[in-house]
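What follows is calculated from the coordinates using simple rules that are stated; it is not laboratory data. In this text the structure is predicted, and so the values were computed from the model without any measurement. Positions of Cβ are generated from backbone atoms using ideal geometry, with glycine treated the same way; all protein chains shown enter the neighbour counts.
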Amino acid sequence: MDNEKIAGLKSQLHEYFVGKESVAENLLICLLAGGHVLMEDVPGVGKTTLARILAGCIECDFGRIQFTPDTLPGDVTGSSVYNMKTGEFEYRQGAVMHQIILADEINRTSPRTQASLLEAMAEGQVSVDGKTYPLPRPFMVIATQNPVEFLGTYPLPEAQMDRFMMRLSIGYPEKDEEIRLAKNFLSGKTVADVKSVCRAEEIPVMMEKVEKIHLSDGVISYIRDIIKLTRDEKSFVAGASPRAMLALIRAGQAKAYINGRDFVKPDDVKAVAVNVLHHRLNLTPEAKIRKEDTDKILGRIILEAKIPVDS
Amino acid sequence: MTAFFYDLIFVLPVFVLAISNIMVYLDVPENTKICYAAALIILACAFSLKHIKGRLKFILPGVTFMLVFGIILVQENGMRMQFVADNFWFLWILLITLASFAAGLMIAESRKCRLAAAFFVLAVMIYLMVRGPLPDKLQSAVAFLFLVFVVADEVQRSWEKSGYTERKGHIVSVVPFIILLGLIIYLVPAPEKPYDWNFVKVIMKRISDGVKYAGRMINSGKEDYAGVMGFKENGTYFGNLYVEDETIMRLSTGSNAGRVIYLSGRIMDDFDGREWKNLNIQENHDNILDAIETYTAVDIYDRKNNFDYYKRIDLNVEYDEFNTSYYFAPSKLVRFTPGSEKEGAVISGSEIKALTHLGYGTKYELSYFRMNSQNKDFRLLTYNVTPIDRESWDRGCYALNYKDDHGYSYEDYQAHIERIYEYYLPDTQLSEKAEEYLEKLSEGAESDTEVLERLDKVLSGFKYTLNPGELPEKIKSPADFVDYILFEKQEGYCTHYATTFVIMARSMGLPARFVQGFLVPLTGRQPYHVRSSMSHAWAEVYIDGLGWIQYEPTPGISYDNSWNFMPRNTEDGEKSGIVSEEKNHEDEPLPVPELEDENKTVNWRGILIPAGLIALFLLGFILADRALQRRRLQKMKPARRAAVYCRYGIRLLAVLGMKRSKGETLEEYRIRASKELFEDDGYEYEEEEKACLNFIELYENILYAKEAPAGEMLDEIREDITGVFALISERKGRLMAFLAKVGTTLN
């Protein structure tokens, strides 16, 4: 039953979203693993579309925060407003009270506002005037940031980067894909036509199943090996944190779940490792001068880690 | 691998030092390469036992054992025990190698042992540097390397505190450079005294010179004598001895010098019962004249085979910590070249004295005749000495390149003999008891030399001691002394026995003299070190027409320095040899090939038996291994057994050229294998054939899933493996499939 739904989700995402298939799948993994996604891309490649399609497939409500330098924390979390009729302060929901949120251009707003969103992501609740309000479930933030412009931006600090499970980038579509996009556009196919595949309430059930996916000792030590190697790597300022390891485990479980297996294989870990780790690692100035690439180094590290097979 | 190299780093220096030092004392075959090879193989066996994992570690020791066993078995029936006895050195090598291996491991494992060994080596090196003998270059280099290893290890240990933990790996990676350093030390052309730290030496020399000078001031009088003998007398001539042990000379010589060299220093003629003195102090060429006389005597007696009687040896001498005015040289001197003109050389009464004082750095060269006087056949010569006529003498002079107008004429020779009888044969009377004893000894003897040989034997049966006590006051003449030694004391050291021998020889009417010098055993590597403890005294007897012959009456000292005579042809030597060979060729062509055949069969036996034993061992090993594997496999739980089969399958795929590369997961491997094996050649394969790779998927389940139904999978896996075998025999041929079956193991 789950398999059908997963396959349905995949096909819907594929039908309406034009771009790399792996991006859609990774988004799904993050959803099931209970993580958030950071999209780093040039404008106009379909970040919003992707988020909307996902929300449509799983019948979640969709919210969008367009960050600007003058966005305030209250706009995100909501604020207390004086009600003239009752004479009391009333809580008015902020933009964050949605199940799927697109936080557009997150690096354009002030660190304070960024922090308010990231706190909500971490805690699963917001506090306004001493009262806490739980966020809806499932709750997923798809933040975007623009890699081209640096002027007038507030880059996310490392500690906050760590809160995103994956950083994905869609990139420009291939030739066939782009033609398909044009045809869809001409035939008037829009995001509003997305068919729902499952209900929002089913997602937490799936997430629980993901948490129960089995990891053998060998695979755990494989994951730990990868993390250890990032710490030994000289081109990185610091290695991956334990939180990164937990994220990698969960992502691996979700990947195994999507593939319809009840145990994690090293292949699952391999498939998600780069996307889970690359935004958490910073290159040293020397490595930057040498024009090294984090993804390439990670690819090498993953090949170096000992696969748990004795032969 | 790291652990292996780490052990090797410490075991190897210990091994090299132990083997190279102890080999000198062992009775090893002349080709020492065999010994080193044996030692290395044993070391390799020990390492194999310690460092190879699993059952394979028994292979090398087993093969070695079989080889040794086979070599013993190959020997002829009667000779086997003899062969074992002859090669007893092997056991010693085994013992030393294993001991040095154990010691090396202890040093590698325990820090305390390592430090203790390092300090010991350091102490020995410093001691040898200061006191000598200097160790040879290889040994110094190895010892130095060992010290550097230990220092590096200690430094690494202190680094460990800073969190860098791969100590052993670091040492292993640093060692190539250290070894390079050692190699450079070993290979760089060193100055004459490579490890001679001059400033240390100079300081030590100053101090010891001061001590010696002070000692001389106290014991003034016999300054030179103490220097010559290396041991000092307590006041009187025949008192107790204490032995000093210092290197005083270094000798280097050709290969034929034999086992021992007697270096004469002082030659004495006059004995008053308590002390030897030298009266023959006029300058002459007695030493050379003696050599010419011997040469001429042999020339007359047996010209063709003169090399059976003596060999001419070249000798280089260098003085170390030595303070003397004497040159030490073997008797039968044919050539003598002092190192510098300033030092000069004066021969008087066969002694060679320098014009100045000699000491550290004095060098000189000489040639002498090494005599075969201990050989039984040589004795015949001493029985049949004929007087030398002028013609023969001139011929001898000419052959040895001595012109008669420089003091080597026949007249000089006659004067030489006169001098000998004058100085070395004073009127000597023994007591009656001693006379009787001598008479008894000479009963039935054919010649005087035979009596001397008997006397030599008798004295050699007495007791040797360095502490015979003071000579009693009552002894006042040579006769008293002989009685005292022969009938009363019957113990003493070389001086006692040489003196007794000389006196008794003189009483028989033979000129004889007392010689002091050094007895140098030629063992170990050149240059041979002459130590002051080698000082010695012996007797020489003059045989008219032959020259001075050396006797060694001291008990406990006997070196067989002789060599065998060449076999004599009864008649005309060379010619008859050629004739008999020709005969063989013409008349009896058959025996030659027969002999070769015999040799061949023996050789075959020698190769086949050890090889057969080794093959037998390997076969037994493989069979036992297989049987053990089967049993273990049956005891395993199903999941593990299935995993074993899967690993087996992957090894079989490697035979097809599909080796799992590093960092490749099983799934990636399976996809790649299926692509390369079934798709790339463009041929359509049936699904059944492709299915033989399914076991990899099952293996993933076994490895990563929570509970895999391994029992059910087992049959499927086996089926797949059969499929892989089919694939191998199809692609690589049946032979390969068979070899894969034999060569790969289930584990």
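Give a residue-ordered list of calculated ³J(HN,Hα) values for the stretch A:179-187 (Karplus: 6.51 cos²θ - 1.76 cosθ + 1.60, θ = phi - 60°; whole Hz; x for Gly, Pro).
5, 4, 4, 4, 5, 4, 4, 5, 7
Among the listed pairs A:K270/B:K675; A:K5/A:K189; B:K53/B:K112; A:K195/A:K255, give every one whose C-alpha distance is greater than 26 Å.
The pairs that break the limit, which is 26 Å between Cα atoms, are B:K53/B:K112.
Could you pull out every one of the aspartates and glutamates with an alpha carbon less than 14 Å from that of A:K183, ignoring same-chain neighbours closer than 8 positions?
Of all the aspartates and glutamates, those that pass the test against A:K183 - Cα under 14 Å, at least 8 places apart if same chain - are A:E15.
Counting each DSSP H run of 4 or more residues in the protein assembly as shown as -39500 (n - 2.57), what helix-only mean residue ellipticity at 222 nm follows after dividing by all residues, to the nearest 500 deg cm²/dmol?
Computed mean residue ellipticity for the protein assembly as shown: -17000 deg cm²/dmol.
What percent of all Cα-Cα pairs in chain B falls into each 20 Å bin, going from 0 up to the bin containing the maximum distance?
Going out from 0 Å in 20 Å bins, chain B shows 12, 30, 29, 16, 10, 3, 0 percent.
Roughly how tilted is helix B:89-109, in degrees to the nearest 10 and between 0 and 90, from the longest Cα axis of chain B?
60 degrees
Explain nothing, just compute: Karplus ³J(HN,Hα) = 6.51 cos²θ - 1.76 cosθ + 1.60, θ = phi - 60°, for every residue of the stretch A:48-57 in order, whole Hz, x for Gly and Pro.
The phi angles translate into 5, 4, 4, 4, 5, 4, 4, 4, x, 4 Hz.
How about the stretch B:426-496: which trypsin sites (Lys or Arg not before Pro) there are in a DSSP loop, with at most 16 other Cβ atoms within 10 Å of their Cβ?
Listed in order of number, the matching sites are B:K474, B:K476.
Could you list A:C198, A:C57 so that the one with the fewest beta carbons within 10 Å of its beta carbon is first and the one with the most is last?
Going from least to most buried by this count: A:C198, A:C57.
Can you tell me the order of B:626-637, B:392-403 when each peptide is scored by its average per-residue count of other Cβ atoms within 10 angstrom, highest first?
In descending order of packing, they fall as B:392-403, B:626-637.
Each residue of the stretch A:95-105 in order: what ³J(HN,Hα) in whole Hz does its phi give by Karplus 6.51 cos²θ - 1.76 cosθ + 1.60, θ = phi - 60°, with x for Gly and Pro?
5, 7, 7, 9, 7, 10, 10, 9, 9, 7, 6
With 21 Å as the limit, write out which pairs from A:K234/A:K296; A:K265/B:K637; B:K304/B:K376; B:K332/B:K463; A:K20/B:K690 have Cα-Cα distances beyond it, or answer none.
With Cα atoms farther than 21 Å apart: A:K265/B:K637; B:K332/B:K463; A:K20/B:K690.
Among the lysines, which fall within straight-line cross-link reach of B:K33, defined as a Cα-Cα distance under 18 Å, with same-chain neighbours fewer than 8 residues apart omitted?
none
For each of B:V150, A:V42, count neighbouring Cβ atoms within 10 Å of the residue's Cβ, then give the residues from fewest to most.
In increasing order of surrounding Cβ atoms, one gets A:V42, B:V150.
Magnitude of the Cβ-charge dipole of the protein assembly as shown, K/R +1 and D/E -1, about the Cα centre, nearest 20 debye?
5500 debye
Across the residues of A:207-214, average count of Cβ atoms on other protein chains within 10 Å?
Taking the mean over all residues of the peptide, I get 1.
What percent does the relative contact order of chain B come to when contacts are Cα pairs within less than 8 Å and at least six residues apart?
Worked out over chain B, it gives 13 percent.
When chain A is modelled as a GNM with alpha-carbon springs shorter than 10 Å, which of A:G63, A:G188, A:G299 fluctuates the most?
A:G188
Over chain A, what is the mean sequence separation of C-alpha contacts under 8 Å (at least six apart), divided by residue count, expressed as relative contact order in percent?
22 percent
Taking each residue of B:325-336 in turn, how many C-beta atoms of other protein chains fall within 10 Å of its C-beta, and what is the average?
Mean partner shielding for this stretch: 0.
Mind giving me the FRET efficiency for B:R630 and B:W159? R0 is 45 Å, r the Cβ-Cβ distance, nearest 0.05 is fine.
0.35
So for the stretch B:614-717, Kirkwood radius off the Cα pairs, Stokes-Einstein at 20 °C and 1.002 mPa s: how many µm² s⁻¹?
Calculated translational D: 137 µm²/s.
Using Cα pairs closer than 8 Å and at least 6 residues apart in sequence, work out the relative contact order for the stretch A:184-280, in percent.
28 percent
If you project the alpha carbons of the stretch B:631-680 onto the principal axes, what extent comes out on each, in Å, largest first?
Principal-axis extents of the stretch B:631-680 (Cα, largest first): 41, 20, 17 Å.
Would you list B:I126, B:I549 from fewest to most Cβ contacts within 10 Å?
The order, fewest Cβ neighbours first, is B:I126, B:I549.
One-quarter of the Cα convex hull surface for the stretch B:367-482, in nm²?
11.3 nm²
Assign unit charges at the C-beta atoms only (+1 for Lys and Arg, -1 for Asp and Glu), then state the dipole size of the stretch B:314-372 relative to its Cα centre in Debye, rounded to the nearest 20.
260 debye
By the gyration tensor of its Cα atoms, with a ≥ b ≥ c the square roots of the eigenvalues, what is the shape of the stretch B:462-555: rounded for a/c under 1.5, prolate for a/b over b/c, or oblate?
It comes out oblate by the Cα gyration axes.
If I take all pairs of Cα atoms in the protein assembly as shown, what percentage of them are more than 41 Å from each other?
67 percent
For the peptides B:112-121, A:44-53, what is the packing order when you average, over each peptide's residues, the other Cβ atoms within 10 Å and list the highest mean first?
Per-residue Cβ counts within 10 Å, averaged per peptide and sorted highest first, yield A:44-53, B:112-121.
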